[in-house]
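All of the numbers you see were taken from the coordinates with simple rules; none came from a lab. Predicted model, so just to flag it, every value in this text is computed and none were measured. Backbone-built Cβ (ideal geometry, glycine too); neighbour counts: all protein chains shown.
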Amino acid sequence: MSKTIIDKLWDSHVVVKEENKPDLLYIDLHLIHEVTSPQAFAGLREKDRTVRRPDLCFATMDHNIPTVDRFNIKDETSRLQVETLEKNCEEFGIQLEGLNSEQQGIVHVIGPELGLTLPGKTIVCGDSHTSTHGAFGALAFGIGTSEVEHVLATQTLWQNKPKQMNVRIEGELGFGVTAKDVILWFIAKYGTNVGTGYIIEFSGSTVRSFSMEERMTLCNMSIEAGAKASVISPDDISYEYIAGKRFAPKNQDFKQKCESWSKLASEPEATFDHTIEINASEIEPMVTWGTTPSMCLPVSGHIPAENPSSSSEEKQSLHNALTYMGFKGNERIDEISVQHVFIGSCTNSRLSDLIEASKVVEGSKVHPDVHAIVVPGSQSVKREAEKLGLHKIFLDAGFQWRESGCSMCLGMNDDIVPEGERCASTSNRNFAGRQGKGARTHLVSPIMAAAAALKGKFTDVRSLLSDQQLEVNRYAGV
Amino acid sequence: MPGFKSHSGSAAVLDRNHVDTDQIIPKQFLKKIDKAGYGEFLFYDWRYLPDGREDAAFELNQEETKGASILVTGKNFGCGSSREHAPWALKDYGFQVIIAESFADIFFNNCVKNGILPIRLSQNEIQQLGKDSSKQVIENLKVDLKEQFVAKADGEIFRFDFDPYWKKMLLNGWDEISVTLQQEANIKKYEDERIVNGQWEFNNHRGTFIPRDGGSV
Ligand code: SF4
């Protein structure tokens, strides 16, 4: 029978297959961070267990890290969590790129840039956005802390094979439309439940033309569509990105690996449980207006109004979202003013994101009512950006240029949006309270965030740029 | 993992869809390094007013829902982050069973691993379940995992599906890691087959394969 890439990834990692049981899957890479791991290590210690394959574990710290004065974690519980990770990694022999490492960064940014994330691997992390790594043709998914402990002790997980969905995106994206808009548009159209119970393969000419960084943005937010994971078949664009990365295979070994990775792609005859076809040219720059990622519209749109004829359930959820977000209904999206702009997070904090946003910003000033920050995804993104002089462009315009971490994506450090204020954010979740209690989050692409920073309100970025200027070289990676 | 066989109790109704883990337990409470004591922070932003008093309007602050050990809710419960702090908080608060139209994948697994039984029923069945009770609380429900049903006080029964493997694990309350470690020979065999010229076939950052007891870096 013809196989999909998902079948191939799955089948090559099955350790035990028995009837009436989930499959026991082997895990090739276990990424670890400070928030979801302490209780797992404590569990090992309690039962006097060891880490089975420390050579397949890799740790960093990102969620709690201050982005100003980074070595000075003032919050005691945050500091304890960071110190606990240091101790655990030391005790169990796990490589850690900690606060003082030049490689530190958001776990989903550093995995790929260090060449840890490779096609053909199974990758897990106690973090839902592990789906990001699927962009390389890896089977990558988020797990809870009990599962973290299970992987540490056994390097395996019991998993039922999910259903498979092919999301085929064909055609050329319009001017000013990014990978972020594609995934926001997808969730707006099909809902936050569409992927529940599925692994998605993203395919089609649009996806093939995407750089690795664009593919990562797409896969990153597949979890917001409810999917267990998402994958993209590896190709020359993937290999070009991987070549020369610190932990990637080298020389002859690399060549051989590329050959075997090329065999991962879904076979033409392979079937999926469900297929969705998307015409890329329909997609516009998107802005979320509510409290789930599916509450999202093109920047030219109007916020929905309460409709007396909808079901009571729909009425209630719309009413709650409008109230939380401070809308009456019917407002134009491009008239909503923002007080904060956050360019960062594992969705959009890579070098190409910063390059594109800087093109919008260059030579202009941040609106006086806006507090705008750029938080590079990792220390190496920060270094590379500084080499290109991007920090100067942002600083000259009035942005703050910060140290790497999760930052305002979830505000576990000091980067919080105050109650009732609005933030144009390049992150992935607009849930109530996500960026701070009562904070109002609007998810957008990096160039849309940059445009909002300059104008003090949402603005169609296409009106700010001529075709010429927006032609950003798609960047193959750090 | 903690076991689950059957449970009787009253259910609180949280008639909302897409309740995400940021609502179940906000991020400021994820900084602890142990598993205990999260119950007081459950649904924090809904439960408490800015001055710290309980918000009387919130479903779980009603006199009648206090003491409920079953939560009945809508679609896509537990979506969002993978934080296991969410089921830790639900359990510590006193919930043993969650009945919903659908759950987010990671949250569902996290519940099972903590001995909370997540049950999927259709929208229609959930309506039936609460039909003749006041909206906020359903008294005297009985939940039986072995026979896979939820029973109302009047005897009406709703059957649910459950994965046979996880059912067995829950009924016995087995330690999952111990069960997996019984597969040691198979795991070892898989590993041996994946070592090519002393290297892990799928690559690792240490270059060489480090055997299970060789923690040295
Ligand atoms: S950047 Fe945000 S979504 Fe990504 S890992 Fe950090 S907190 Fe999670």
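Worth a mention:
- Around the amide H of A:Glu331, modelled in the peptide plane, lie the amide H atoms of A:Ile303, all under 5 Å away and 5 or more residues distant in sequence or on another chain.
- Alpha-carbon centroids, segment A:238-274 and segment A:40-87: separation in whole Å: 32
- Per-residue 3J(HN,Hα) values for segment A:82-87, derived from phi via the Karplus relation 6.51 cos²θ - 1.76 cosθ + 1.60 with θ = phi - 60°, read 5, 5, 5, 5, 4, 5 Hz in sequence order (x marks Gly and Pro).
- Normalised convex hull volume, chain A, alpha-carbon set, Å³ per residue: 153
- Under 5 Å, built H, 5+ apart or other chain: amide partners of A:Gly142: A:Thr130, A:Ser131
- Sum of side-chain charges, A:Ile5 neighbourhood, beta-carbon under 12 Å (Lys, Arg +1; Asp, Glu -1): -2
- Longest site-free stretch - chain B; sites: trypsin sites (Lys or Arg not before Pro), DSSP loop, at most 12 other Cβ within 10 Å: B:147-217
- Our note on the geometry: Cα centres of segment B:104-140 and segment A:168-236, 32 Å apart.
- CD proxy at 222 nm, helix term only [per DSSP H run n ≥ 4: -39500 (n - 2.57); per residue of chain A; nearest 500]: -9000 deg cm²/dmol
- Along chain A, longest interval not containing exposed chymotrypsin sites (Phe, Trp or Tyr not before Pro), exposed being DSSP loop plus at most 16 other Cβ atoms within 10 Å: A:176-478
- The angle separating the long axis of helix A:251-261 from the principal Cα axis of greatest extent in chain A is about 80 degrees.
- If you wrap the Cα atoms of chain B in a convex hull and average its projected area over all directions, you get 15.0 nm².
- Segment A:106-154 shape via C-alpha gyration tensor axes, a/c threshold 1.5: prolate
- Considering only beta bridges that DSSP places wholly inside the protein assembly as shown, some 35 percent are antiparallel.
- Sequence-distant contacts, meaning Cα pairs under 8 Å at least 6 residues apart, place the relative contact order of chain A at 18 percent.
- Near B:Val137, once Lys and Arg are set to +1 and Asp and Glu to -1 for all other residues with Cβ below 10 Å from its Cβ, the sum equals -2.
- Cα lying deepest toward the dipole's positive end in chain A, options A:Ala248, A:Ile303, A:Ser262, charges on Cβ: A:Ala248
- Filter on B:Lys75/B:Lys167; A:Lys121/B:Lys91; A:Lys189/B:Lys91; A:Lys161/B:Lys27 - keep pairs with C-alpha separation over 24 Å: A:Lys121/B:Lys91; A:Lys189/B:Lys91; A:Lys161/B:Lys27
- Using θ = phi - 60° in the Karplus curve 6.51 cos²θ - 1.76 cosθ + 1.60, the 3J(HN,Hα) couplings for segment B:107-118 round to 4, 4, 4, 4, 5, 4, 5, 10, x, 9, 8, x Hz; x is entered for Gly and Pro.
- Antiparallel DSSP beta bridges within chain B, as percent of all bridges there, nearest 5: 55
- Karplus-derived 3J(HN,Hα), 6.51/-1.76/1.60, for each residue of segment A:439-450, Hz, glycine and proline x: 6, 10, 9, 10, 7, 8, 7, x, 6, 5, 5, 4
- Per residue, the convex hull volume that the Cα atoms of segment A:9-53 enclose (Å³): 125
- Share, in percent, of DSSP beta bridges within segment A:1-148 that are antiparallel, nearest 5: 15
- Counted by Cβ distance under 14 Å from A:His133, the other residues give a net charge of +1, where Lys and Arg count +1 and Asp and Glu count -1.
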